[in-house]
Amino acid sequence: MKDTMEAYFDRLWPISRSLTGNGNRETIEILKELIDLKVTEVPSGTKCFDWKVPPEWNIKEAWIKNSKGEKIVDFAVTNLHILGYSVPFQGTLTYTELKEHLYTLPDQPELIPYLCSYYKERWGFCLSHNQFLELDQDDTYEVFIDSSLDSGGSMTIAEAVIKGTSEKEILISTYICHPSMANNELSGPLVSAFIYKKLKEQKDLKYTYRFVFVPETIGAIYILSKYGDYWKKNLHAGFILTCVGDPGNFTYKKSRRGDSISDRAALTILNQSEGDFNLVEFFPNGSDERQYCSPGFNLPMGSLMRTMYAVYPEYHTSADNKDFISFEAMEGTVNKYLEIIELIERNENYINTMPYGEPQLGKRGLYPTFTQTGNDDHIRAMMWILNLADGAHDLIAMSERSKYPIKKLLPIIDKLIENGILKNEAS
Amino acid sequence: MKDTMEAYFDRLWPISRSLTGNGNRETIEILKELIDLKVTEVPSGTKCFDWKVPPEWNIKEAWIKNSKGEKIVDFAVTNLHILGYSVPFQGTLTYTELKEHLYTLPDQPELIPYLCSYYKERWGFCLSHNQFLELDQDDTYEVFIDSSLDSGGSMTIAEAVIKGTSEKEILISTYICHPSMANNELSGPLVSAFIYKKLKEQKDLKYTYRFVFVPETIGAIYILSKYGDYWKKNLHAGFILTCVGDPGNFTYKKSRRGDSISDRAALTILNQSEGDFNLVEFFPNGSDERQYCSPGFNLPMGSLMRTMYAVYPEYHTSADNKDFISFEAMEGTVNKYLEIIELIERNENYINTMPYGEPQLGKRGLYPTFTQTGNDDHIRAMMWILNLADGAHDLIAMSERSKYPIKKLLPIIDKLIENGILKNEAS
Amino acid sequence: MKDTMEAYFDRLWPISRSLTGNGNRETIEILKELIDLKVTEVPSGTKCFDWKVPPEWNIKEAWIKNSKGEKIVDFAVTNLHILGYSVPFQGTLTYTELKEHLYTLPDQPELIPYLCSYYKERWGFCLSHNQFLELDQDDTYEVFIDSSLDSGGSMTIAEAVIKGTSEKEILISTYICHPSMANNELSGPLVSAFIYKKLKEQKDLKYTYRFVFVPETIGAIYILSKYGDYWKKNLHAGFILTCVGDPGNFTYKKSRRGDSISDRAALTILNQSEGDFNLVEFFPNGSDERQYCSPGFNLPMGSLMRTMYAVYPEYHTSADNKDFISFEAMEGTVNKYLEIIELIERNENYINTMPYGEPQLGKRGLYPTFTQTGNDDHIRAMMWILNLADGAHDLIAMSERSKYPIKKLLPIIDKLIENGILKNEAS
């Protein structure tokens, strides 16, 4: 999986993505090779709650030349050089005039910042602070930005659905609005696409899985204007996929509810896995949980990440690049999500069909025929399952109370179901 | 404020207060200069629940002379010398006879105890143990007590009310039955009166404030017989003011409920103030919380004190005097109560008027127009407010969950209300 | 008490008990001298839930002789030598053939294991591993087992009831199916019988006490098929008595509910007694809590033990004998159960008849007539009782919140009832 991931990463990396524009369309076209995405073009100006879809932004060329005609800053070198959503501009400026349009990181002088100005018209360039300091203050500079802002354009979003037997949905939401950024963001769409591929291979899924690929914030707000009311009734669990590509420990940020099935399943899996992880209580900054977990929706959306946004110094700089991530870690993230999903699929209130005293397990070959030897771990776990299969404990609660991991309980549950001693909730 | 306080303290100090009597009337007359008190005379013999208002007690003169005619113990020197509610007496006694009527503190031999016998007829004198030891055991003593117990008298209580827009009340209860005692008790009526003065200056109070000045126990029982049923429905919060004058750390004793709005507001303010404080769980001894928090009423009455009654050695002795207290500390107590009251006034479930996704703060000038810079503290606090303004979190709960102090939240709340993004619960 | 206990122990010890059979009848006949047991014979084949009562097993003689005609293993020496429920057998076997029927404890080579095969037909002998190693591998062995399995027989159970004023029951359940085992099991029936004797002497019991003496597992399942539905409504508390004879610290294993009155009463008494104890959360292995606390019944059955089954090395071996137990400890267990029962009898929601403010205790002689001296421990406990006697706190909750032990509270409660200030819940 990781080699395929790397190949896709390399193709997606140079594309200039933003809230809108052809870069987003191109990105989705490539991802379609992995995941059966249905594309929607949402017209600029479309109202969603308190917001409007912005004009479509495209950019072909952007540079600064010194008086010798040398391109000293060029969008063609890295798309980070342009302030996102820069308006078109052409002109010659003094150093003092130009300076007002240059953005740098004085504390990280070797890195180029990633910056945008979506809702206020501006133009600007981002560059390393070291380069900025070398600019000749007596020179004049030619600036050219061949961009367009089209209020007759659209915002491109994409969805894919895997139908399960239930209409209850599990939502995987990721975003496609950052240009050449590796952990935040290309890891998100890539891991989401591979989760799709793996789930698609599975039979008899209980839940319906919806994958959405949207620009951050406005895309999530749009998708909520479309599905929000439906999800309030039908969203069983869900996750925002961002910052899932670096080799750091897992981080789980809880949903606003704090005890949603997403939270309980993710934390059960993490607690029962090797390795440390970070647990982060919900806070209303960050990524699209700002929208999904807004008080009007309060959806059960958590986020399993590697190293969380804003806490690593490479975040939103040119250093969030291929060197910062690991395709092995990304494959690990895919697998961890699949484990969580498997648990959500299996998690239910199993029912003991013989709840009055113990069933006679011995006559079914499930218990030793010598007394006083029924004390081993397997038998103990079986006794716990039967004892807690009362309709008030789901699988996760069984695991918590019995202290047996899910992996130990599931095969015994299957054997008990086979023997008619346990049944599924719904049956 | 503190100089005025001191002037009033000096006038009130020498007055002989008790459950009833002219000393109480005189005290209230002086306090009327600060607070618009309405006086009620409750006739002796009035039944309130299991109790009866006792006969009115007054005292003019009381002394012990030795055989040389020297006044060795004299009520005129300090009113602590007389056992409260002593019956009239005149006679000459041997040392052995007199001894039965003398009360001292062997463990604090320099101090005079403060002692009463309200409901059993007795007479007695209180003096320092050192003085007691010096009494000539072979001498005879003349005793004179010019007191009166009038079953046709009355108990004097006083109330003041500041009307708010709501009928829901906040109760400030303090007592006026101790003679020359500084921390316990003159600090209570003085701090209460100055809270009144400050609140009276405020406009648009939401709650109605009731101040009651009553003798301890019987006074509180009487006032409950009058307002208890009303308060069960309409008392929003309240505090018993006692021991609020010494320079020690604050102590907060919870109401019986433990999570009343009084408790939550007081503890929020104390937790968000500099300085340590003591938290004391409710217990059914102490002051008038014994009555207000009796199981039939269970009112939300807490008590913010300085050093709590019964835990300081000067308590109920002649050492609880002006030296023990600090008018600066008393002013600090007034201000702390005003802070708590301000929080109770402002505490409500604010409602986000745009709860579906985030409101677009940028177009209202409430959010930076560059992305990726919305991470500062002010913005984070604003996001928390919007996220929790769901009708299920009051201001205190917002502060607890967001970990932002009330002081940080309130100006942002005001700005959001101004912008129509937030509204008050009631509106 | 302990000498009588020892005498009964010595008579009961050699009897061969099992799920069924004459040994069980004989055991109950002896116990009848202590407790008024009513015997029921449950026919073999009787269906109870998923189980059937097994055929009746009796055994007269069982031995192994070597080729010299020496009895090397003999049931007459200790009844542990025979595998419980061994089918009849007669024959001569080689060492290799015999070995398949021999059971030992290689890790405890000096001890004979206690083992049964109730539901699969087998025969076998138990012996020390040391003896097993000395067997001549070239010898031949004569085996004789004079046992019978009678499907026309019955299972013998016994019950005794002490009627209280309420139909609500407290259940004491113990088992009588182990042959010569001291802590697990003779301590159980003996302690149960002595609790009965002591309770029988008491007057005015509130609850009805039911004592059941049944074989483990199948006996409990049978008794649940008889009373289970009734107990779901009417069982107030109950305990399984097993492993109550060794001199170790007490162990309390909670009921499945975890906060049943059985649990709360037992833990209150243990917490307020001198000496450490072990608290064990419910788990669905062990003794007859497996049945009583099965999810269909979920009865409030806890278990106060000394050293718990399966955690001491002597468990289910020939070392669980008279040396391992202490009749003084058994008497201590009887007394601890009686303390718990007394608490359950007294535990109720006492009601303050004067809940509005404090009752005037002084006029009833319950409070000092001097003020400011009502601060002693006795008064404080009284104030707590009055404050919490609101119908929402039972005696145990009063003790928990006030931190006063039950022993301190009860005499004060009695005095307050006498004075008409407190009343019983029901009255």
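Quick note: the coordinates plus some simple rules give every number you see, no bench work behind them. On a predicted model such as this, the values are computed, not experimentally measured, just so you know. Here Cβ is always computed from backbone atoms with ideal geometry, including for glycine, and neighbour counts include all displayed protein chains.
What to note about this one:
- Ranking of C:Arg290, A:Arg11, B:Arg380, A:Arg306 by neighbouring Cβ atoms within 10 Å, starting from the fewest: A:Arg11, B:Arg380, C:Arg290, A:Arg306.
- The calculated FRET efficiency for the pair B:Asp107 and B:Glu134, based on their C-beta separation and a Förster distance of 25 Å, comes to about 0.90.
- Think of chain A as a dipole: +1 on every Lys or Arg Cβ, -1 on every Asp or Glu Cβ, centred on the Cα centre; then among A:Pro355, A:Leu422, A:Leu409, A:Pro355 lies furthest on the positive end.
- Pair C:Lys2, C:Asp150: separation of 7 Å Cα→Cβ label points (nm): 4.1
- Distance-filtered residues of the range B:1-42 - backbone nitrogen under 16 Å, label point 7 angstrom along B:Lys198 Cα→Cβ: B:1-6, B:35
- Efficiency of FRET between B:Lys403 and B:Lys168 - r from beta-carbon atoms, R0 41 angstrom, step 0.05: 0.90
- Rounded to the nearest 20 debye, the dipole size of the range A:347-427 about its Cα centre is 220 debye, using +1 on the Cβ of Lys and Arg and -1 on the Cβ of Asp and Glu.
- Descending semi-axes in whole angstrom, ellipsoid equivalent of the range B:63-182, from the Cα gyration tensor: 38, 17, 11
- Cα centroid separation, the range B:30-50 to the range A:293-324 (Å): 65
- Taking GluC sites (Glu not before Pro) across the range C:161-206, the ones in a DSSP loop with at most 10 further Cβ atoms lying within 10 angstrom of their Cβ are C:Glu201.
- As a rough footprinting exposure proxy, the listed residues C:Trp51, A:Trp57 were ranked by other beta carbons within 10 Å of their own, and the order from fewest upward is C:Trp51, A:Trp57.
- By the rule of a C-alpha distance below 17 Å, with chain neighbours fewer than 8 residues away ignored, the lysines paired with B:Lys52 are B:Lys120, B:Lys226, C:Lys363.
- Proximal aspartates and glutamates relative to A:Lys415, as straight alpha-carbon distance under 20 Å, when same-chain residues fewer than 8 apart are discounted: A:Asp204, A:Glu342, A:Glu345, A:Glu348, A:Glu358, A:Asp376, A:Asp377, A:Asp390, A:Asp394, A:Glu425, C:Asp50
- Counting other Cβ atoms within 10 Å as a rough exposure proxy, the listed residues B:Thr96, C:Thr40, B:Thr27 run B:Thr96, C:Thr40, B:Thr27 from fewest neighbours to most.
- Which listed pairs, of B:Lys203/B:Lys336; B:Lys198/B:Lys254; A:Lys32/A:Lys254; B:Lys47/B:Lys322, have C-alpha distances above 27 Å, in listed order: A:Lys32/A:Lys254; B:Lys47/B:Lys322
- Global geometry of the protein assembly as shown, whether rounded, prolate or oblate, following the gyration tensor of its Cα atoms and the 1.5 cut on a/c: oblate
- Top of A:Pro88, A:Pro295, A:Pro55 by mean-square fluctuation, Gaussian network on chain A, Cα under 10 Å: A:Pro295
- GNM remark for chain B: springs join alpha carbons under 10 Å apart, and the peak mean-square fluctuation among B:Ala237, B:Ala392, B:Ala160 falls on B:Ala392.
- Modelled label reach - A:Lys232, point 7 Å along Cα→Cβ, the range A:294-326 residues with backbone N closer than 14 Å: A:294-300
- Computed [θ] at 222 nm, deg cm²/dmol, chain C (DSSP H ≥ 4; -39,500 (n - 2.57); rounded to nearest 500): -9500 deg cm²/dmol
- Considering only B:Val311, B:Val87, B:Val143, the Gaussian network model of chain B with Cα springs below 10 Å gives its largest mean-square fluctuation to B:Val311.
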